[in-house]
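In what follows, a structure is listed as structure tokens, so that the remarks can point back to it.
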Amino acid sequence: MTFKILWKMIKQNFVNQRHIIVPFISVISILFGIEYILLSLTTNIYFNEHHPELKISAIIGIVFMTMLLFIFLIYANHFVMNHRKKEFALNMALGMEKKHLRLIILIELFIQFIISAILSIVGGYLFGELFFMLFNKLVNTHQPQLSDYPFDVLSMKITLTMLLSLMIILFVINNFKISFKNSLQLLLKNKSKTHEKSRVRLIIFLILGLIFIGIGYYLAIKPNTAIGSLGIIFFAILSTLIGTYLLFVSLGSIVLEMLQKLDHYYYKPNHFFFIAGLKSRVKSSAIGLATISFMCTFLIVTLSMTVSTYRNMDHRFEFAFKNDYAGYYIGDFHKDSKLQRKIENLKKDIRQEVPTGQFKIYARGMVGAELQGGLKHKKLKRQTVSSGLFNFGNKQKFNSFISIYNKSDYNKNNKKIKLDDDEIAISTSVSLFKKMKTLNIFGKTYRVKYIESTNIDNLLYADGITLIVNQQQLMDRIVNEYRNHNDENLIITPNQVQTAVEFNVLKEKDKLNHRIKKIGVQHDIEFQVKKQNLLMWKQVNSSLVFVGSVVSLVLLIGIFLMMYYKQVSEGHEDRDAYITMKQLGLDEILIKKTINKQVIWVFLIPVIVAIIHTLAAFRIIYSVLGIVGQYDLGLYATSYVGVIVVFIIFYSIMYWITSRIYYTMINGKH
């Protein structure tokens, strides 16, 4: 066979299969364009100098991106090849050799590689410039020039290498599929039906699915801390994932079989064709529907976390850093007269240079400890490694970071509190700890008072507690007992009491940083500057928002791709059935109404399951957000609901677009 004939067949195939090939090339170009942007950020000199933390975020994004990219595109290629089996079978029956089919596939992949390479690199660079400027505006840094984002040859080479690797993998997979099949086998494979599973097996799958879903939901909704939730979230995801696949395989078939046994319901024209067709669709599409459902779940959860992290960035910072400057001496100024004189000299020199507000001087102990017991009554113990998997009733164990102050120092800098000998005060953002009524420390039970907020710096340690005790002796004993004795502690803390020096500057804050730091060096103390911490805080949070946005975008593209190819696949499969029903004399309105109901239900099921999953995951995701200091339940809930509503709108649009393709196909226009 001459190359001219092969080339003519390839061109004809691109025209005939444009509704499959164009989306495939478009998705490849978009995903590899994003890949180029992420790679270019890791090598960009400006970003490495001004946003070094973004490099780690970009690398994380690249890992997620590459995994999802290869999974989605291999799936898409699997669909394309299944769709073309009839074409290959007919060509082989007409005398075409397999080497000619391989050559056609190779040339087609090469053309797709060239087009995708150009679109992904050019588009990636142009949109990379846009992202470069938007990100710097988001973190409120000095606006760079477009020349600070030059075209990166290394990123281009890596992107093209990955794209070429994907094409080689696809060629190997496609070559394998046609190498061991003759034309008859390809035709039979194309017409093969779903294997019928026995009712006993379906019931076993149903029971196992409910068990795994129950375990996953239990882990997700049980009360836990941020660190504890992070430790068990992967177990919850895995259990729910297994349960979801088992239920999709079994539950739909069992329910529809039960409906078929209801003679008074089933043997009606509308119900008969609807249930019979829906049963066939559910059986053949169970794995695909479960995959779409779980991808929708991940999209909603990831986007909710991203939106929640972005929305109150500044508020969380202001809660953590109450003062313009904060520095720390090792030792307790109450017991060290030399340290007291040093602090007085420091205050004197600062006031001579800059106008300041009141200095806040206090002793602070910091320990990592474990809270054991029920929700309302706990004991303070040495921290241990606990995943939180088996926290039941009065045996719950939660690791916490505790900042300790004595009442006298606290009252000098905050609204005064009164504590009896059997009382302690606690300030925390962790809702789980707010339920605590008593805390046993060294065998003595203390009643707990709660403080809403303080005027001292509250560092955003995950699962943090501010503890105010009546006497300095109890504070010293806690620090000595629970300080780090080895490197195995989960939370690393100073081994002795510190003296904090905090204050605010009344004017010209930005101009005085250098002078105040210089005074600090002269007095052996290093000051943390609120303004500089704010910049770092925004960079870190913006990086998390960036990773979440990239993953969400890739998931959205993947969901659309799977929905699109599923509709195309079912459109081809249902076209013959549609023609057969018309030839049997069935009313065309009834046929279209039945098919429309089936298609709607098939695409409603994944989104319904996804919403149920996300509602079950509400608590554990809220707890995990405590790692970045996000404890605003109202803000998180509105973000969650808002994302679900927006997702439903986007999902409906995707369904509308893909369903148009489906109805066009069953009407024979493709």
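Can you find, among Val63, Ser250, Thr466, the residue farthest towards the positive end of the dipole of the chain? Put +1 on the C-beta of Lys and Arg, -1 on that of Asp and Glu.
Ser250
Set Lys and Arg Cβ to +1 and Asp and Glu Cβ to -1, take the dipole of region 89-176 about its Cα centre, and tell me which of Leu109, Val172, Asn136 lies farthest positive.
Val172
Could you tell me which of Ser280, Gln498, Pro355 has its Cα farthest along the dipole of the chain towards the positive end, charges placed at Cβ (Lys, Arg +1; Asp, Glu -1), taken about the Cα centre?
Farthest towards the positive end: Ser280.
Just how large is the dipole of the chain about the Cα centre, in debye to the nearest 20, putting +1 at every Lys and Arg Cβ and -1 at every Asp and Glu Cβ?
Working: 77 positive and 45 negative charges, 265 e Å.
Charge dipole, the chain, about its Cα centre: 1280 debye, nearest 20.
Students often check this: by mean Cβ neighbours within 10 Å, which of 226-239, 297-310, 151-164 ranks highest, and how do the rest follow? Show your work: numbers first, answer last.
Working: 226-239: 19.8, 297-310: 22.8, 151-164: 16.4.
Ranked from most to least packed, the peptides come out as 297-310, 226-239, 151-164.
In the neighborhood of Gly231, defined by Cβ-to-Cβ distances under 14 Å, what is the net charge if each Lys or Arg adds +1 and each Asp or Glu adds -1? Let's see the in-between values first.
Values: positive: Lys222, Lys397; negative: Glu370, Asp463.
Net of charged neighbours comes to 0.
Restricting to the chain, compute how many DSSP beta bridges are antiparallel as a %, nearest 5.
Values: 35 of 48 bridges.
Of the beta bridges lying entirely in the chain, close to 75 percent run antiparallel.
Could you list, in their original order, any pairs among Lys85/Lys157; Lys222/Lys407; Lys322/Lys407; Lys322/Lys517; Lys378/Lys531 whose Cα atoms are separated by more than 27 Å? Please report the intermediate quantities before stating the final value.
Numbers: Lys85/Lys157 34 Å; Lys222/Lys407 34 Å; Lys322/Lys407 19 Å; Lys322/Lys517 18 Å; Lys378/Lys531 38 Å.
In this structure, Lys85/Lys157; Lys222/Lys407; Lys378/Lys531 lie more than 27 Å apart at Cα.
On a straight-distance basis, which lysines could pair with Lys268 in a cross-link, Cα separation under 28 angstrom, same-chain partners fewer than 8 positions away excluded?
By straight Cα distance, Lys268 reaches Lys193, Lys197, Lys279, Lys283, Lys582, Lys592, Lys593, Lys597.
Run the dipole for region 267-426 about the Cα centre, Lys and Arg Cβ at +1, Asp and Glu Cβ at -1, nothing else charged, and hand back the magnitude in debye, nearest 20. Spell out each step's value before the answer.
Details: 28 positive and 14 negative charges, 104 e Å.
That gives region 267-426 a dipole magnitude of about 500 debye.
Taking the solvent-accessible surface of protein heavy atoms with a 1.4 Å probe, what is the per residue accessible area of the chain in Å²?
On the way: 32430 Å² over 670 residues.
For the chain, the solvent-accessible area averages 48 Å² per residue.
For the chain, compute Rg over Rh where Rg is the Cα radius of gyration and Rh is the Kirkwood radius from the inverse mean 1/r over Cα pairs. It would help to have the intermediate numbers written out before the result.
On the way: Rg = 31.7 Å, Rh = 29.5 Å.
Rg divided by Rh gives 1.07.
Please state the relative contact order of region 1-97 as a whole percent: Cα pairs under 8 Å, 6+ residues apart? Before the final figure, lay out the partial values.
Working: 30 pairs, mean separation 22.2, N = 97.
So the answer I get is 23 percent.
Evaluate the charge dipole of region 26-140 about its Cα centre and quote only its size in Debye, nearest 20, assuming +1 on the Cβ of each Lys and Arg and -1 on the Cβ of each Asp and Glu.
Numbers: 8 positive and 7 negative charges, 107 e Å.
Approximately 520 debye in magnitude.
Just tell me, in residue order, which DSSP H segments of the chain are both 27 angstrom or longer along the helix axis (alpha-carbon based) and at least 0.0 in mean Kyte-Doolittle hydropathy. Mind showing how you got there, number by number?
On the way: long enough: 18-43 (37 Å, 1.63); 52-83 (47 Å, 1.42); 98-138 (56 Å, 1.40); 153-179 (38 Å, 1.72); 199-221 (32 Å, 2.14); 226-260 (49 Å, 1.86); 269-311 (52 Å, 0.84); 530-583 (77 Å, 0.21); 588-616 (42 Å, 1.42); 633-666 (48 Å, 1.43).
Once both thresholds are applied, what remains is 18-43, 52-83, 98-138, 153-179, 199-221, 226-260, 269-311, 530-583, 588-616, 633-666.
Once phi is turned into θ = phi - 60°, what whole-Hz ³J(HN,Hα) does the Karplus curve with 6.51, -1.76 and 1.60 give for every residue of region 623-632, x standing for Gly and Pro?
Per-residue couplings from phi come out as 5, 4, 5, x, 5, 9, x, 8, 10, 7 Hz.
Give, as a single signed number, the net charge of other residues whose beta carbon lies under 9 Å from the beta carbon of Glu257, with Lys and Arg counted +1 and Asp and Glu -1. Could you put the intermediate results ahead of the total?
Values: positive: Arg199, Lys261, Lys279; negative: none.
Once all neighbours under 9 Å are counted, the net charge is +3.
Using DSSP to call loops (not H, G, I, E or B), can you name the trypsin sites (Lys or Arg not before Pro) in region 589-670 whose Cβ has at most 10 other Cβ atoms within 10 angstrom?
Values: sites: Lys592, Lys593, Lys597, Arg619, Arg660, Lys669; in loops: Lys669.
Counting only loop positions with at most 10 other Cβ atoms within 10 Å, the trypsin sites (Lys or Arg not before Pro) in region 589-670 are Lys669.
Could you give me D for region 610-670, from Stokes-Einstein at 4 °C and 1.567 mPa s, where the hydrodynamic radius is the Kirkwood radius over C-alpha pairs? Units µm² s⁻¹, please.
On the way: Rh = 14.1 Å.
It diffuses with D of about 92 µm²/s by this estimate.
Run the accessible area of region 278-404 with a 1.4 Å probe and give the carbon-and-sulfur part as a rounded percent. Show your work: numbers first, answer last.
Values: 2950 of 5400 Å².
Accessible surface attributable to carbon and sulfur in region 278-404 totals 55 percent.
Mean shadow of region 514-570, computed from the convex hull of its alpha carbons, in nm²?
In nm², the orientation-averaged hull projection of region 514-570 is 4.9.
Using packing as a proxy for protection, rank 27-34, 284-291 so that the peptide with the highest average count of other Cβ atoms within 10 Å comes first.
Numbers: 27-34: 22.8, 284-291: 19.1.
Top to bottom by mean Cβ count within 10 Å: 27-34, 284-291.
So which chymotrypsin sites (Phe, Trp or Tyr not before Pro) in region 42-80 end up in coil per DSSP with only 15 or fewer other C-beta atoms within 10 Å? Before the final figure, lay out each step's value.
Values: sites: Tyr46, Phe47, Phe64, Phe70, Phe72, Tyr75, Phe79; in loops: none.
Within region 42-80, no chymotrypsin sites (Phe, Trp or Tyr not before Pro) qualify (loop, at most 15 other Cβ atoms within 10 Å).
Any chance you could list P(r) for region 244-331, counting all Cα-Cα pairs in 10 angstrom bins from zero, rounded to whole %?
All Cα pairs, binned at 10 Å, distribute as 14, 23, 17, 13, 11, 10, 7, 4, 1 percent.
The values are calculated or read from the model by the stated rules, or taken from the named source; none is laboratory data. All values derive from a computational prediction rather than experimental measurement. All Cβ positions, even for glycine, are placed from backbone atoms using ideal geometry, and neighbour counts span all protein chains on display. Each accessible area value is taken on the protein alone, full model and side chains, heavy atoms only, with ligands, DNA and RNA left out. Shrake-Rupley method; radii C 1.70, N 1.55, O 1.52, S 1.80 Å.
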